[in-house]
Amino acid sequence: MAIIAPSLLSADFLNLQKDCDMINTSQADWLHLDVMDGSFVPNISFGFPVIERVCKATTKVCDVHLMILEPGKYAEAFQKAGANILTVHIEACPHLHRNLQQIKSLGMKAGVALNPHTPVSLLADIIQDIDLVCLMSVNPGFGGQQFIPRTLDKIRALKQMIIDSGSSTLIEIDGGVTLDNAGAILQAGADVLVAGNTVFRSADPVATIAALKKL
Ligand code: DX5
Ligand code: ZN
């Protein structure tokens, strides 16, 4: 069964308590939090005060996706704010192995995100050190974009690499996930579905989460 991770980016920022309560009563497994710095990606989202409050308000696993340069500078602060999983972008980390060790030493699960143009083969020598690979299926920075179909091939290739290495790394798909394409994404080998607009713009978010969970 898939792990469902609604993305807070599409929530109502004037009513975060309400949206956290909705997530808590739903079948969602994780809450996905997108941190953007305006440099690594052309957008700025939210920071520590919001993350700290939201992680306290939710009973779900806090899955923090860092779209920022120099994530190592802030790993400890994200751990203190309540992150359970901390994902850094491979494109922002010239010393990825060091970043992953730091995240794990702080007691969090370590994730690596790949932009759409970044080949999964770059992970061949580090896959065993990664708890979660987040494949971006849109260009990071904004919610509500269209899923890039090529991602399906990347999922299959990554799944094979994980099996061959004997590791238990999870594959997370982030961007443009809908009720229409989620089945194919899971069939290709994904374990975690991030969903922003699909959940929060639907008439009944709890039912939409349940529908994703059922696939
Ligand atoms: C994009 C973010 C995503 C975003 C997904 O940069 O990493 O997590 O919230 O939103 P949807 O599901 O609307 O594409
Ligand atoms: Zn994300």
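Say we look at region 99-114 and pick out the residues that are part of a loop (DSSP other than H, G, I, E, B) and among the hydrophobic types (A, V, I, L, M, F, W, C); which of these is farthest from HIS65 (Cα to Cα)? Show your work before the answer.
Filtering region 99-114 down to residues part of a loop (DSSP other than H, G, I, E, B) leaves 106-108.
With among the hydrophobic types (A, V, I, L, M, F, W, C) added as a condition, the list becomes 106, 108.
Working: LEU106: 16, MET108: 13 Å.
This residue is LEU106.
With respect to PRO140, is the statement that it is in a loop (DSSP other than H, G, I, E, B) and either of a type in the set (A, V, I, L, M, F, W, C) or within 13 Å of ligand 2 (Cβ to nearest atom) (or both) true? Steps first, please.
Values: in a loop (DSSP other than H, G, I, E, B): yes; either of a type in the set (A, V, I, L, M, F, W, C) or within 13 Å of ligand 2 (Cβ to nearest atom) (or both): yes.
So PRO140 passes the test.
May I ask you to list the residues in region 173-197 that are within 13 Å of ligand 2 (Cβ to nearest atom), open to solvent by less than 50 Å² (accessible area, probe 1.4 Å) and either among the small types (Gly, Ala, Ser) or within 13 Å of PRO6 (Cβ to Cβ) (or both)?
ASP174, GLY175, GLY176, VAL177, VAL192, LEU193, VAL194, ALA195, GLY196
Given the criteria more than 30 Å from ILE23 (Cα to Cα), away from ligand 1 (no atom under 16 Å from the Cβ) and modelled with pLDDT of 95 or more, does MET108 qualify? Walk me through how you get there before you give the answer.
Details: more than 30 Å from ILE23 (Cα to Cα): no; away from ligand 1 (no atom under 16 Å from the Cβ): yes; modelled with pLDDT of 95 or more: yes.
Spelling it out, it is not the case that MET108 is more than 30 Å from ILE23 (Cα to Cα), away from ligand 1 (no atom under 16 Å from the Cβ) and modelled with pLDDT of 95 or more.
Give region 100-114 a look and list any residue that's open to solvent by 20 Å² or more (accessible area, probe 1.4 Å), at negative phi and in contact with a helix residue (DSSP H, G or I) (Cβ under 7 Å, 6 or more places away or on another chain), or say none. Outline the logic, then answer.
At the first step, the residues of region 100-114 found to be open to solvent by 20 Å² or more (accessible area, probe 1.4 Å) are 101-102, 104-107, 109.
Still in the running and at negative phi: 101-102, 104-106, 109.
Matches in region 100-114: GLN102, LEU106.
Go through region 143-157 and report how many residues are over 21 Å from MET67 (Cα atoms) and in a helix (DSSP H, G or I).
Going through region 143-157 one residue at a time, the tally reaches 4.
For every residue, the table says whether it meets (1) under 15 Å from the mean Cα position of the chain (by Cα); (2) on the phi < 0 side of the Ramachandran plot; (3) among the small types (Gly, Ala, Ser).
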residue: ASP125; (1), (2), (3): no, yes, no
residue: GLY141; (1), (2), (3): yes, no, yes
residue: PRO149; (1), (2), (3): no, yes, no
residue: ILE155; (1), (2), (3): yes, yes, no
residue: ILE209; (1), (2), (3): no, yes, no
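May I ask you to verify whether LEU123 is touching a residue at least 24 places away in the same chain (Cβ under 8 Å), open to solvent by less than 10 Å² (accessible area, probe 1.4 Å), closer than 23 Å to ARG156 by Cβ and within 16 Å of ligand 1 (Cβ to nearest atom)? Write out each step before concluding.
Numbers: touching a residue at least 24 places away in the same chain (Cβ under 8 Å): yes; open to solvent by less than 10 Å² (accessible area, probe 1.4 Å): yes; closer than 23 Å to ARG156 by Cβ: yes; within 16 Å of ligand 1 (Cβ to nearest atom): no.
The answer is no for LEU123.
Among all residue pairs at least 6 apart or on different chains, which show Cβ distances below 6 Å where the first residue, located in region 85-96, is of a type outside the set (Ser, Thr, Tyr) and the second is open to solvent by 20 Å² or more (accessible area, probe 1.4 Å) and in a strand (DSSP E or B)?
ILE85/LYS109
List, please: which pairs have Cβ atoms under 7 Å, are six or more places apart or on different chains, and start with a residue in region 145-171 that is basic (Lys, Arg) and end with one that is open to solvent by less than 50 Å² (accessible area, probe 1.4 Å)?
Every condition considered, the pairs that remain are LYS154/VAL120; LYS154/LEU135; ARG156/ALA188; ARG156/GLY189; LYS159/ILE171; LYS159/GLY189.
The values are calculated or read from the model by the stated rules, or taken from the named source; none is laboratory data. From a predicted model like this one, the values you see are computed outputs, not experimental measurements. Positions of Cβ are backbone-derived with ideal geometry, glycine not excepted, and every protein chain shown enters the neighbour counts. Protein only, heavy atoms only, side chains kept; ligands, DNA and RNA dropped before computing areas. Shrake-Rupley method; radii C 1.70, N 1.55, O 1.52, S 1.80 Å.
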